[in-house]
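Novice: Got a structure for you, questions after.
The values are calculated or read from the model by the stated rules, or taken from the named source; none is laboratory data. Note that the coordinates shown come from a computational prediction; the quantities given were computed from them, not determined experimentally. All Cβ positions, even for glycine, are placed from backbone atoms using ideal geometry, and neighbour counts span all protein chains on display. These area figures cover heavy atoms from the full protein model, side chains too; ligands, DNA and RNA do not enter into them. Shrake-Rupley method; radii C 1.70, N 1.55, O 1.52, S 1.80 Å.
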Number of protein chains: 2
Amino acid sequence: MTAWPTSSADEPEGSRLHFADRLAALVEERRSRLVLGLDPDPAALWPAALERIGAGGDGPHLARVRTAEAMVEHCRAAIVAAGPASVAVKLQLACFERLGAPGWDALEQVAAIGRDHGLLVIADGKRGDVPVTAGAYAQALVGVTPGPFGAVDGLAVDAFTANPLLGRDALEPLVEAAAAAGAGCFVLVRTSNPGAAELQDEGDPPLHERLARLVDELGASHVGAGGLSSVGAVTAATRPDHLGRLRELMPRAVFLLPGVGPQGGRPKDLGPAFAPHPAAGLVTASRAIVNAHAERGGDPASAAEEAAEELRAAAWNL
Amino acid sequence: MTAWPTSSADEPEGSRLHFADRLAALVEERRSRLVLGLDPDPAALWPAALERIGAGGDGPHLARVRTAEAMVEHCRAAIVAAGPASVAVKLQLACFERLGAPGWDALEQVAAIGRDHGLLVIADGKRGDVPVTAGAYAQALVGVTPGPFGAVDGLAVDAFTANPLLGRDALEPLVEAAAAAGAGCFVLVRTSNPGAAELQDEGDPPLHERLARLVDELGASHVGAGGLSSVGAVTAATRPDHLGRLRELMPRAVFLLPGVGPQGGRPKDLGPAFAPHPAAGLVTASRAIVNAHAERGGDPASAAEEAAEELRAAAWNL
């Protein structure tokens, strides 16, 4: 556990230190650049999570509620197993949203469990919209919504992902709200899916370079004491050939690197991401940890713990 | 009210007709291409909506629940006032999400109210992610999530907006799930915010033309009996100069046209959007209807009813 302020929805706004400085301290303390990705699939929850949910009752509403409860237990077990090797937990909003309101409750519970285990919480929703709506997403993620019955707190996450297609004016409300809350905003620059190339690598300069310049410009006024900005970038571990150029264009950005494991990315290829600062690159792994038992055998928790520690070591000892 | 099948979460999957054919029938019947946008701001709800919410009690959870209840009443009143002039209601997911689980419950309730008033329901969330996650968003919006306690229904909306930045493989799960559910998918091509130009108009051909070609290709295998595809496009009413070229590139797409009213777009400039088919263009207006009383005076409901009818007529009589 750490001694400096971690995030909490109970703390007054603005009381948190700069996101990148909090991250850097945690990276040094845990000697880890690993982010535990949680994308819970109701059809593939760990058996132990299901055993903890009561039976009885029937009907569509109860199915949602019980599925959401099981999802929380699954995520709790994964955090207990793989959290100690990690600095953050990344929650895939789509997976929770598909359970409706009980899913959103589950999301809040899992975020709290992550915080209780000393992890930073990253909401992976890739939101993006016109400025007024981007402001509403910012309220949902890191802000507060004023209203006639009192202010409503958002998720109070430590960081979130954002989609930049709508441009600079649409990113600014997200970036500014994150900075005001001591949170980070990871902007998509080059994603890890095979189809990303068709749009993101096209143009001269390619679109991903335009996005990288935008990230660098937006982040310039939000640099922490350690030299890293609260405006980071999502850059695929599946395309390490881009990382050198992207690092040139974004010297102050924390790179969030998806695609390690089943998608083919390897920590040893990610050197340029980590070059400027120990906390300048974060390797995020989901299936490679949570489904590690499928390849390793054994119980899911032990397999996840082993896989997380191996990934932590691989990404640290470079 | 209409006689053909409208959407309902209770109907078995696949029972709905093609989205564009349902839309076309409704457009002809109501002589309307108007979409009522609901982006409820808790700080600007219609006073009548607040009067219907009980007082008493205190604390953060109650603030969320009461705010969500007031949001439902606000949206209900707006639908009663402006729904008859409209063919669809467009729900801005960000505005509901910021209230957490009670907000998601409110979203489901407002969708049901829209359906009860004979309107198609469009979820405006601009989701987009790698293929496996896009599949989870599709389950949340138009599908079903299998799980150990029974299947969990999604929102069962008639259409939704999607962000194409991640490319073709990331759009396909959304497009396919929409088609399977008799729903539509509106892909962002050129958004209405001033900052859109910096990225979407750059390149040769500009990015918005690349996106338009992608929409046309994805939509080619999902054309309904009336000649329109279930894969549509979001194209800004604020930049009517692009519409002719975009219509050339996407002859079968329904254009969802935001930006009329406060943002500067005028129905009379949108001719190319409507050219191929009466239902080929939908004008979406939010503040121009729901906040019409700010300019017109009078009570919000009467002002919204008048504004909606004027917009309906302006967009129909071209």
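Novice: May I ask you to verify whether A:Asp116 is away from chain B (no Cβ under 11 Å) and open to solvent by 10 Å² or more (accessible area, probe 1.4 Å)?
Specialist: Criteria met by A:Asp116.
Novice: Same structure, new question: Mind checking which residues of region B:108-122 are of a type in the set (A, V, I, L, M, F, W, C) and farther than 14 Å from B:Pro40 by Cβ?
Specialist: B:Ala112, B:Leu119, B:Leu120, B:Val121, B:Ile122 - these are the residues of region B:108-122 that are of a type in the set (A, V, I, L, M, F, W, C) and farther than 14 Å from B:Pro40 by Cβ.
Novice: If you don't mind, another one. Of these, B:Gly37, B:Gly83, which one is under 14 Å from the mean Cα position of the chain (by Cα), within 13 Å of chain A (Cβ to nearest Cβ) and not hydroxyl-bearing (Ser, Thr, Tyr)?
Specialist: Result of the check over B:Gly37, B:Gly83: B:Gly37.
Novice: Taking region A:33-49 on its own, how many of its residues are in contact (Cβ under 8 Å) with a residue 24 or more places away in the chain, aliphatic (A, V, I, L, M) and open to solvent by 10 Å² or more (accessible area, probe 1.4 Å)?
Specialist: Residues that pass the stated criteria total 3.
Novice: Let me ask something else. Scan B:Glu73, B:Glu69, B:Glu51 and give me the residue that is of a type outside the set (Gly, Ala, Ser) and within 10 Å of another protein chain (Cβ to nearest Cβ).
Specialist: Only one candidate qualifies: B:Glu69.
Novice: I'm trying to understand the selection: among the residues of region B:211-248, which are surrounded by fewer than 20 Cβ atoms within 10 Å (Cβ to Cβ) and hydrophobic (A, V, I, L, M, F, W, C)?
Specialist: B:Ala220, B:Val223, B:Ala225
Novice: Give the residue that is farthest from the other protein chains (Cβ to nearest Cβ), with candidates limited to residues of region A:182-195 that are surrounded by 22 or more Cβ atoms within 10 Å (Cβ to Cβ) and more than 18 Å from A:Ala170 (Cα to Cα).
Specialist: A:Gly182
Novice: Could you go through region A:196-210 and let me know if any residue there is away from every other protein chain (no Cβ under 14 Å) and either closer than 27 Å to A:Ala314 by Cα or open to solvent by less than 40 Å² (accessible area, probe 1.4 Å) (or both).
Specialist: Scanning region A:196-210, I find no residue that is away from every other protein chain (no Cβ under 14 Å) and either closer than 27 Å to A:Ala314 by Cα or open to solvent by less than 40 Å² (accessible area, probe 1.4 Å) (or both), so the answer is no.
Novice: If you go through region B:53-63, how many residues are open to solvent by less than 30 Å² (accessible area, probe 1.4 Å) and either under 19 Å from B:Val35 (Cβ atoms) or part of a helix (DSSP H, G or I) (or both)?
Specialist: Summing the residues that are open to solvent by less than 30 Å² (accessible area, probe 1.4 Å) and either under 19 Å from B:Val35 (Cβ atoms) or part of a helix (DSSP H, G or I) (or both) in region B:53-63 gives 1.
Novice: Quick check on A:Lys90: is it in contact (Cβ under 8 Å) with a residue 60 or more places away in the chain, within 7 Å of chain B (Cβ to nearest Cβ) and open to solvent by 10 Å² or more (accessible area, probe 1.4 Å)?
Specialist: No, not satisfied.
Novice: Need the failing condition index for B:Thr238 against (1) farther than 22 Å from B:Ala123 by Cβ; (2) touching a Gly at 6+ places or on another chain (Cβ under 8 Å); (3) at pLDDT 95 or above, just the number.
Specialist: Failing condition for B:Thr238: (3).
Yes or no, residue by residue, for (1) at the interface with another protein chain (Cβ under 7 Å from one of its Cβ atoms); (2) open to solvent by less than 30 Å² (accessible area, probe 1.4 Å); (3) of a type in the set (Ser, Thr, Tyr); (4) touching a helix residue (DSSP H, G or I) at 6+ places or on another chain (Cβ under 6 Å):
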site: A:Ile122; (1), (2), (3), (4): no, yes, no, no
site: A:Lys126; (1), (2), (3), (4): yes, yes, no, no
site: A:Thr133; (1), (2), (3), (4): yes, yes, yes, yes
site: A:Val144; (1), (2), (3), (4): no, no, no, no
site: A:Pro148; (1), (2), (3), (4): yes, no, no, yes
site: A:Ala156; (1), (2), (3), (4): no, yes, no, no
site: A:Glu176; (1), (2), (3), (4): no, no, no, no
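Novice: Tally time: how many residues in region B:280-312 are of a type in the set (A, V, I, L, M, F, W, C), touching a residue at least 24 places away in the same chain (Cβ under 8 Å) and surrounded by fewer than 23 Cβ atoms within 10 Å (Cβ to Cβ)?
Specialist: Here the count works out to 2.
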